[in-house]
Amino acid sequence: MTNSGRNRLIDRAFSVWGVVSTFIGIALLLMFIGIILYDGLGRINWAFFTSLPSRFPEKAGIYTSMVGTLWIVVLTLILSLPLGISAAIYLEEYAKKGRFSNILEINISNLAGVPSIIYGLLGLQIFSRTMGLGGNLLAGAFTLALLVLPIIIVATREAIRAVPGSIKDASYALGATKWQTIWLQVLPGASGGIMTGVILALSRAVGEAAPLIVVGALAYVPFVPASPMDQYSVLPIQIFNWISRPQAGFSTNAAAGILILLAITLAMNLVAVYYRSRYQRKSN
Amino acid sequence: MTETKQHGETVQTESRSAIEIRNLSTYYGDFRALDDINLTVDPMTVTALIGPSGCGKSTLIRVLNRMNDYIDGFRVEGQVLVDGQDIYDKKVNVEQLRKRVGMVFQKPNPFPKSIFENVAYGLKIQGIKEKSFIEERVVKSLQQVVLWDEVKDNLKKNAFGLSGGQQQRLCIARTLAVEPSIVLMDEPTSALDPISTAKIEELVFELKSQYTFVIVTHNMQQAARISDKTAFFYMGNLIEVGDTQQIFTNPGVKRTEYYIRGQFG
Ligand SMILES: Nc1ncnc2c1ncn2[C@@H]1O[C@H](COP(=O)(O)OP(=O)(O)OP(=O)(O)O)[C@@H](O)[C@H]1O
Ligand SMILES: [Mg+2]
């Protein structure tokens, strides 16, 4: 066989293999969603959203864990957004390019890939113990803020870098200070990209259970948290709790909870995709 | 010491030049982009900087309002006096300098804002709030660049909706709105069609009674048409500078002649 003939064969074989692998992934995903829908869809009704947890599966709902999730997401956003954007601005606009900023850059990218349980352990030591927050919402939000910070920083830096240098030049040439240029030109120009990154980061935070369990989130919370200093549960932990119960009714509840969680993260991702496409269209 | 009057205020100067460059060398890291340049620019004149690509024209023009400050490793030796003041002195306020020395770029670069906001930007960042003052200045600047009649009904529209030539005139208006005494232009028409180019040349000709212009251009006809003085650069050196008429008809150096005749670079 000629060399090019062999290459073509390898080419074909690989493309077939690629299609098969893709198909396996999608098929498994569809199967999973199908099973969950079959198990849980019938369980979703208004009472499911408004009921407290209960010993009886038919009476139990996700009210407290939903509100807990909402609290956690809002607090995480408040803690991580200003910090992440400031860090990105510093790294892009102020830090001198050199060894030090390279090391920082590599580290931040790597941090985005650290297993979330590690952040939980870090949070347990720093926030729960040293700062004495114990297992309250604030400890959880601080921990998740650490977790999503690298994602926000990386996304914001990319968005800032995408703002044309000619726009910054124009601003400087008119006598604007660096800060004015960042505030009036760079951040507005980067806002679409920043928004996309932030939403993706938060949708990650919504799905996390492990680090929150480590920093003391509860599995059974019969009340709605009223302040950041209160105890709480979140949706993924509620689901985890239901799955680990022996009664069949609870696994139906878990499936329903998973559907809600999926819907939330899917909606957030759609919003992010929408912003990204609008932002790309604007910058063209 | 003499006193020159500029825009109503009295400025103490050592000389009557708008710009005086003394023994200027500039470096990007170890690379010397300009080598011992001496050049003076008189007020209310147009000076053209010409020379082959990479000879240092942009480097020089960006030195004049310190736009190279943001480039890591960029370094300046020698002196650059603007209205008699050494602009690389530690005490100089760079933002103030840039209000006096405005700049127009090669590609039109309006802000992604309305036409009005583009022209008003330079005033607003100075903290000027008075609406009537800003409006007056915007109208005046747009009239100066002969854009007013074309945009007066669309001031709220996004500047990206304008044609390339209109955008460039808007960028000039934006520069004039902060009332600089010197306007730097780095190949301001190289991205424009002939008609837009002619309009901008006409503008410069009209406005030079009020402003000092330094213009980089690759277009020899343009340099000949609009400039009073021409400076020819080659590989970081200032080869020759003189009255445009003389440089174009009777250059003192062979290299200049070759370049201008288009057999060079
Ligand atoms: N940021 C930079 N870092 C390093 N070297 C640079 C930088 N900018 C310009 N140079 C170098 O300095 C020299 C002069 O560049 P400059 O841009 O001033 O040339 P120019 O005369 O404006 O050319 P052109 O006509 O192509 O615009 C060139 O050799 C260029 O490679
Ligand atoms: Mg240039």
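Determine whether the stretch B:123-133 contains at least one residue that is within 19 Å of the chain's Cα centre (by Cα), open to solvent by 20 Å² or more (accessible area, probe 1.4 Å) and modelled with pLDDT of 95 or more.
no
Name the residue that is farthest from A:V67 (Cα to Cα), counting only residues in the stretch A:36-53 that are surrounded by 12 or more Cβ atoms within 10 Å (Cβ to Cβ) and β-branched (V, I, T).
So, considering only residues that are surrounded by 12 or more Cβ atoms within 10 Å (Cβ to Cβ) and β-branched (V, I, T), the one farthest from A:V67 (Cα to Cα) is A:I36.
Across the stretch B:224-238, which residue is surrounded by the fewest Cβ atoms within 10 Å (Cβ to Cβ) among those that are within 18 Å of B:L60 (Cβ to Cβ) and away from ligand 1 (no atom under 13 Å from the Cβ)?
B:D228
If I ask for residues that are in a helix (DSSP H, G or I), within 14 Å of B:A177 (Cα to Cα) and open to solvent by less than 90 Å² (accessible area, probe 1.4 Å), which ones from the stretch B:141-162 would you list?
Once the filter is applied, which keeps residues that are in a helix (DSSP H, G or I), within 14 Å of B:A177 (Cα to Cα) and open to solvent by less than 90 Å² (accessible area, probe 1.4 Å), the stretch B:141-162 yields B:S141, B:L142, B:Q144, B:W148.
If I ask for residues that are open to solvent by 30 Å² or more (accessible area, probe 1.4 Å) and under 18 Å from the mean Cα position of the chain (by Cα), which ones from the stretch A:236-260 would you list?
A:I258
Would you mind stating whether A:G216 is surrounded by fewer than 24 Cβ atoms within 10 Å (Cβ to Cβ) and in a loop (DSSP other than H, G, I, E, B)?
Considered against the rule, which asks whether it is surrounded by fewer than 24 Cβ atoms within 10 Å (Cβ to Cβ) and in a loop (DSSP other than H, G, I, E, B), A:G216 comes out as yes.
Kindly indicate the residue of the stretch B:21-47 that is of a type in the set (A, V, I, L, M) and away from ligand 1 (no atom under 16 Å from the Cβ) and also farthest from B:Q210 (Cα to Cα) among those meeting that condition.
Taking the candidates together, the pick is B:V41.
Yes/no per residue for (1) touching a Phe, Trp or Tyr at 6+ places or on another chain (Cβ under 6 Å); (2) assigned to a helix (DSSP H, G or I); (3) at the interface with chain B (Cβ under 8 Å from one of its Cβ atoms):
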{"position": "A:S166", "(1), (2), (3)": "no, yes, yes"}
{"position": "A:S171", "(1), (2), (3)": "no, yes, yes"}
{"position": "A:A176", "(1), (2), (3)": "no, no, yes"}
{"position": "A:L184", "(1), (2), (3)": "no, yes, yes"}
{"position": "A:I199", "(1), (2), (3)": "no, yes, no"}
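Could you tell me how many of the residues in the stretch B:25-83 are open to solvent by 30 Å² or more (accessible area, probe 1.4 Å), within 14 Å of chain A (Cβ to nearest Cβ) and within 13 Å of ligand 2 (Cβ to nearest atom)?
2
Considering only residues of the stretch B:166-217 that are touching a Lys or Arg at 6+ places or on another chain (Cβ under 6 Å) and outside any helix (DSSP H, G or I), which is nearest to the other protein chains (Cβ to nearest Cβ)?
B:V178
Return the only residue of A:A201, A:A173 being touching a strand residue (DSSP E or B) at 6+ places or on another chain (Cβ under 8 Å) and either open to solvent by less than 50 Å² (accessible area, probe 1.4 Å) or not assigned by TED's automatic domain parsing to the domain that holds A:P82 (or both).
A:A173
The values are calculated or read from the model by the stated rules, or taken from the named source; none is laboratory data. Keep in mind that what you see is a predicted model, and the values were worked out from it rather than measured. Please note: Cβ atoms are built from the backbone with ideal geometry, for glycine as well, and neighbour counts cover all protein chains shown. These accessible areas exclude ligands, DNA and RNA; they are computed on the full protein's heavy atoms, side chains included. Shrake-Rupley method; radii C 1.70, N 1.55, O 1.52, S 1.80 Å.
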